[in-house]
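The structure appears below as structure tokens.
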Amino acid sequence: MRRIWIVLSILLWVRVAAAQGDALSASKPNLLTKQDVYGQPTLYAEGTLRNSSADRSFTNIELEATAYDAEGNEVGEGLGYVANACGASLLPDFVLSPGAEQFYVIPLELYDSDAKVERVDIQIDSSPADVLAATESPLGAGIKKIDNREVAQVEWIDDQSLRYAEGCHRDLFTDWTWRTYDLRTGAVSVTPHPKAELVTEALRRQLGLLDPLYFQHSMLTFDPNGRRLVYQTELNTVLSAESDGSFKRRMLDKLSDRTLQGISWLDKGIFLAYYYGAVGDPVTYFTANVDNRILSETPANSTPSIITPGSSPNGENVIIGLEVKGQTGYYDKRAAYETTTLLFESPLPGNNWPGPLYEKDSDDASFIYMAVPKDDSATLVCYNVQSKSTYDLTTLPLQLTDDEQAWWWLSPNHNTIALAADGIHGGLWLINLNATKACE
């Protein structure tokens with residue numbers, strides 16, 4: 001009887017494993033050579049893991065890969081894991097819900113360093129989860145979720161359409177998967193970025209970015225509505241150039257001791273660049289335009305901010321977070337001077353939260369939108385520049401851990417904010433400002 005029970009147990013385990021295997025599937029991997037944590041070039045297989053089950057969740061997910069060459073010979077193997085868009089491993093208790101997708105990463109160990117991998121077969125091992133992944137909280141007034149994927153960038157095409165990018169925020173825009181969204185119809189389509197075709201070998205040669213490591217480090221970005229681009233060299237010197245790489249102009253150098261975290265485009269070729277090392281570090285910054293006019297102090301001379309800063313559309317005012325003489329809150333700083341003015345006292349988020357959005361409709365109407373931590377949640381707060389009053393507009397769907405980040409962008413007509421975040425709580429949301437409380 002005991003022998004029969006063992007056999008039945010084995011058969012049951014096989015059925016469960018097969019059922020999980022049917023539910024979990026891995027996409028065809030992309031093969032990328034990158035530096036590992038020890039600085040050694042390593043071949044990685046990366047893709048997306050999908051749970052096609054309608055009612056089952058899985059945890060303790062592990063992946064095993066076998067690599068083959070063009071003749072079908074086994075040339076390598078590897079053990080992988082589920083990860084965020086930047087390739088960082090998720091905790092073993094991560095739960096993949098029914099219908100959900102998640103990135104996977106498998107470092108491959110080749111038996112011969114000269115082997116050429118043609119195909120990778122992937123086996124998936126997992127355990128049924130006792131509970132479903134945590135359900136999302138109800139959305140605040142005026143907020144609609146558009147996508148559950150990790151979104152790193154948004155560009156407004158016009159008042160009724162935008163494009164957004166899935167992927168790691170540290171990658172170049174050419175590495176992201178771009179989609180367009182129509183606010184009127186809700187239609188989503190995968191569409192390459194219109195300026196990706198400009199990034200040719202000839203352009204990289206002109207910019208001195210033929211080396212793959214220098215290219216990935218460059219933070220290359222195009223003015224969404226203009227002809228020029230901005231990038232940094234291997235020594236973090238910031239330059240601008242025409243879209244074909246000609247007429248290069250040096251903006252700022254002596255930045256080798258700083259880590260560029262992002263470039264936010266403002267208006268008419270004006271941008272804000274911001275620097276910090278890790279979450280919790282002070283943030284330095286500068287504003288400039290693509291014609292090489294520096295509009296602010298340099299990062300070395302700027303007043304360090306507790307938060308990621310925001311800027312007025314003309315780059316002449318920067319909104320930062322400070323603690324000055326016991327007053328912690330949001331301050332308006334004249335970009336080219338040391339002068340700061342307290343807007344209002346408030347608890348401040350970390351530098352992984354979106355920086356303030358500055359809306360300037362006219363000399364008589366200006367508003368600053370901020371994501372403010374309140375009661376263990378995030379609140380959209382509006383500051384009326386003219387009346388110097390603050391208004392809590394709605395609750396934001398931000399659930400950021402220290403290794404997750406969020407960003408946002410204001411539509412051209414100033415009626416909608418696109419909010420994006422990465423990590424397991426990532427996604428893309430639209431905030432209809434006409435459906436929130438007023439900021440009068």
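The values are calculated or read from the model by the stated rules, or taken from the named source; none is laboratory data. Keep in mind it's a predicted model, so treat the numbers as computed, not measured. Cβ atoms come from the backbone with ideal geometry, glycine included; neighbour counts cover every protein chain shown. All accessible areas refer to the heavy atoms of the entire protein, side chains included, with ligands and DNA or RNA removed. Shrake-Rupley method; radii C 1.70, N 1.55, O 1.52, S 1.80 Å.
Values for this structure:
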quantity: PHE103 accessible area, 1.4 Å probe, all protein chains in place, Å² to nearest 10; calculated: 50
quantity: Within-15-Å neighbourhood charge of ASP36 [Cβ basis; K, R +1; D, E -1]; calculated: -1
quantity: Accessible area per residue in Å² at 1.4 Å probe, computed on the chain; calculated: 51
quantity: Full-stretch length increase - VAL279, LYS116 - with 0.36 nm per residue and alpha-carbon distance subtracted; calculated: 54.8 nm
quantity: Per-residue HN-Hα couplings for the stretch 430-437 [Karplus 6.51, -1.76, 1.60; θ = phi - 60°; Hz; x = Gly/Pro]; calculated: 10, 10, 7, 5, 6, 9, 9, 5
quantity: Candidates ASN148, ASN30, ASN314, ranked by Gaussian network fluctuation over the chain, Cα under 10 Å, top entry; calculated: ASN30
quantity: Area of TYR276 that stays accessible when all protein chains are in place (1.4 Å probe, Å², to 10); calculated: 20
quantity: Two-site FRET efficiency, GLU101 against THR298, from Cβ-Cβ distance with R₀ of 35 Å, rounded to 0.05; calculated: 0.25
quantity: Gain on full stretching of the segment that runs from LYS360 to GLU74 - 0.36 nm per residue minus C-alpha separation; calculated: 96.8 nm
quantity: Dipole of the chain, positive end: most advanced residue of PRO224, PRO192, VAL120 [Cβ charges, Cα centre]; calculated: PRO224
quantity: Net dipole in debye of the chain [+1 Lys, Arg Cβ; -1 Asp, Glu Cβ; about Cα centre; nearest 20]; calculated: 680
quantity: Solvent-accessible surface (1.4 angstrom probe) belonging to HIS217, in square angstrom, nearest 10; calculated: 70
quantity: Helix 2-23 axis, angle to the chain major axis (alpha carbon atoms, nearest 10°); calculated: 40
quantity: Amide H contacts under 5 Å for LEU252, placed H, 5+ residues apart; calculated: VAL238
quantity: Ordering of 317-325, 139-147 by packing [mean C-beta count within 10 Å, highest first]; calculated: 317-325, 139-147
quantity: Placed amide H near ALA83: partners under 5 Å, 5+ positions off or other chain; calculated: LEU90, PHE103, TYR104, VAL105
quantity: Efficiency of FRET between GLN123 and ARG170 - r from beta-carbon atoms, R0 25 angstrom, step 0.05; calculated: 0.25
quantity: Accessible-area ranking of LYS333, LYS28, LYS195, largest first, probe 1.4 Å; calculated: LYS28, LYS195, LYS333
quantity: Full-stretch length increase - GLU64, GLU109 - with 0.36 nm per residue and alpha-carbon distance subtracted; calculated: 15.0 nm
quantity: Portion, in percent, of the accessible area of the chain that falls on carbon or sulfur, probe 1.4 Å; calculated: 49
